Each structure stands twice: as C-alpha cells, then as structure tokens.
1. If you scan segment 74-99, which residues turn out to be in contact with a Pro (Cβ under 9 Å, 6 or more places away or on another chain), under 12 Å from Leu41 (Cβ atoms) and either modelled with pLDDT under 95 or not in a strand (DSSP E or B) (or both)?
2. Looking at (1) open to solvent by less than 30 Å² (accessible area, probe 1.4 Å); (2) within 21 Å of Ser24 (Cα to Cα), which is the only condition Arg76 fails?
3. Gly46 passes all but one of (1) modelled with pLDDT of 95 or more; (2) in a loop (DSSP other than H, G, I, E, B); (3) not β-branched (Val, Ile, Thr); which number fails?
4. Out of segment 49-73, which residues are open to solvent by less than 60 Å² (accessible area, probe 1.4 Å), assigned to a helix (DSSP H, G or I) and in contact (Cβ under 8 Å) with a residue 60 or more places away in the chain?
5. Counting only residues that are in a helix (DSSP H, G or I) and touching a residue at least 60 places away in the same chain (Cβ under 8 Å), which one in segment 121-133 is farthest from Glu167 (Cα to Cα)?
6. Looking only at residues in segment 94-104 that are touching a residue at least 40 places away in the same chain (Cβ under 8 Å) and open to solvent by 10 Å² or more (accessible area, probe 1.4 Å), which one is nearest to Gly48 (Cα to Cα)?
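The values are calculated or read from the model by the stated rules, or taken from the named source; none is laboratory data. Quick caveat, the model's predicted, so the values are computed rather than measured. Here the Cβ positions follow ideal geometry from the backbone for every residue, glycine too, while neighbour counts run over all protein chains shown. Each accessible area value is taken on the protein alone, full model and side chains, heavy atoms only, with ligands, DNA and RNA left out. Shrake-Rupley method; radii C 1.70, N 1.55, O 1.52, S 1.80 Å.
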Amino acid sequence: MSLRFTYSCFAPLYDTLVERATRSLRQDSLAHLPASPGRVLLAGLGTGLDAPWLPPQHEYVGLDLTRAMLQKALPRLAAHRFTPLQGDVHALPFADTSFDHAVLHLILAVVPRPEACLQETARVLKPGGRLLILDKFLRPGQKAPLRRLLTPVSGRLATRLDVVFEEVLARTPGLEVEEDQPALAGGWFRRIRLRKSDQLR
C-alpha cells in the first residue's frame with residue numbers, strides 16, 4: 001500500500017483526527033516566520049491546516065503528494081497568494097535557492113526517506129532562510145521498542161514512529177538549529193527551527 005493511496009483515502013478524515021491536537025503547535029511554529037515578505041514553501045501541505053496562522057505578506061507554494069489533500073487545502077488558502085502543486089518531497093521540482101523560508105509540518109516522520117526530504121528542502125532554501133519543523137521524533141539513544149516494532153506497519157499506513165531527528169539532520173550539512181522545543185506527548189512531538197548557513201550557495 002503506497003502513501004499516495006493511503007493519504008488519498010485519509011483526506012476526508014484527516015482534519016477530524018489531527019486538527020484539534022495540533023492547532024496550537026502550528027500557531028506557535030508559524031509565529032516564527034519573519035515579518036519581511038518572502039516566498040515560502042509548504043512541503044507536505046496536507047489539507048491546509050496551517051492556513052489560519054500563515055502571515056498574509058508572504059507568497060506560498062504548497063506541495064503535496066496527493067490531489068485529494070490539495071483539493072481540501074485550496075479553500076483554506078484562498079485569501080493568500082498561494083500556488084498548489086502535486087509533487088514528491090523527496091525530489092522537489094524547484095531550482096536551488098528558490099525559497100526564502102520553508103515549513104515542514106508533520107511530514108518528516110511520514111515520508112519513507114526523511115533524510116532526502118530535509119536535503120531537498122535545504123537545497124531549495126536560500127542562505128539565511130528559516131526552516132520550521134513540527135513532528136514526532138525519537139531522541140538519540142532512545143530505545144522505544146514498541147514504536148520501533150510498530151513502524152513497519154504504521155509507516156505504510158500513515159506515519160513512521162522511529163525517526164531520530166538528530167540522525168536526519170546530521171545528513172544535511174549547513175543547517176543550524178536555532179530552537180528545539182518539546183511540543184506534545186511528553187516531548188515526543190517537537191517544534192524545531194533551523195537556519196540555512198549564509199556560507200552555502
């Protein structure tokens with residue numbers, strides 16, 4: 001079963017299951033988008049649950065793997081300068097340094113290859129750009145045997161439970177951690193802000 005098929009089926013239920021639990025986390029994360037206008041990538045847009053807290057001054061490009069999710073997102077982003085695009089976060093269809101900032105909310109622990117997702121996002125981000133992350137991660141050395149045991153099944157159905165953020169970050173040079181805060185479920189969910197080094201072009 002592919003993620004495209006799963007999330008196409010999941011789209012009608014996604015808001016009911018996810019919106020209330022992540023509402024304040026999304027708001028806190030998106031408050032860190034800079035005030036100066038820019039071009040912002042929403043990678044793994046989903047049904048557009050970030051929309052109420054997206055600052056109006058930016059131009060947004062929202063990418064998702066499934067058409068069903070994008071169709072749910074369109075009405076929510078109607079008031080914004082917004083371009084929807086169906087695509088794969090493992091291979092972003094954009095030139096290097098195309099975006100001032102990027103948002104990865106609940107996507108790194110969903111995709112089969114989180115390292116590729118982060119590397120691609122860093123590639124299209126301009127030097128000095130911010131990357132906002134919200135997701136569930138294990139800590140380095142955390143055993144979590146049940147989560148690891150369930151991942152082969154949960155990863156096919158909806159999300160991985162075994163992603164260690166520090167391991168993913170280590171494979172993407174040039175990203176600096178500005179903030180890393182526990183956000184939900186005893187710190188399993190984390191709100192992370194990264195900055196792309198000015199030296200990388």
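1. So in segment 74-99, the residues in contact with a Pro (Cβ under 9 Å, 6 or more places away or on another chain) come out as 74, 76-77, 79-81, 85, 87, 90, 97.
Keeping just the survivors that are under 12 Å from Leu41 (Cβ atoms) gives 85, 87, 97.
Answer for segment 74-99, where residues must be in contact with a Pro (Cβ under 9 Å, 6 or more places away or on another chain), under 12 Å from Leu41 (Cβ atoms) and either modelled with pLDDT under 95 or not in a strand (DSSP E or B) (or both): Gly87, Thr97.
2. (1)
3. That leaves (1) as the condition not met.
4. Ala68, Met69
5. Residues of segment 121-133 that are in a helix (DSSP H, G or I), as a first pass: 121-124.
This time we only want the ones that are touching a residue at least 60 places away in the same chain (Cβ under 8 Å), so: 121-122, 124.
Numbers: Thr121: 16, Ala122: 15, Val124: 21 Å.
Only one residue tops the list, namely Val124.
6. The initial filter retains those residues of segment 94-104 that are touching a residue at least 40 places away in the same chain (Cβ under 8 Å), namely 94, 97-104.
Now drop any that are not open to solvent by 10 Å² or more (accessible area, probe 1.4 Å), which leaves 94, 97-98, 100-101.
On the way: Phe94: 21, Thr97: 24, Ser98: 21, Asp100: 20, His101: 17 Å.
So, considering only residues that are touching a residue at least 40 places away in the same chain (Cβ under 8 Å) and open to solvent by 10 Å² or more (accessible area, probe 1.4 Å), the one nearest to Gly48 (Cα to Cα) is His101.
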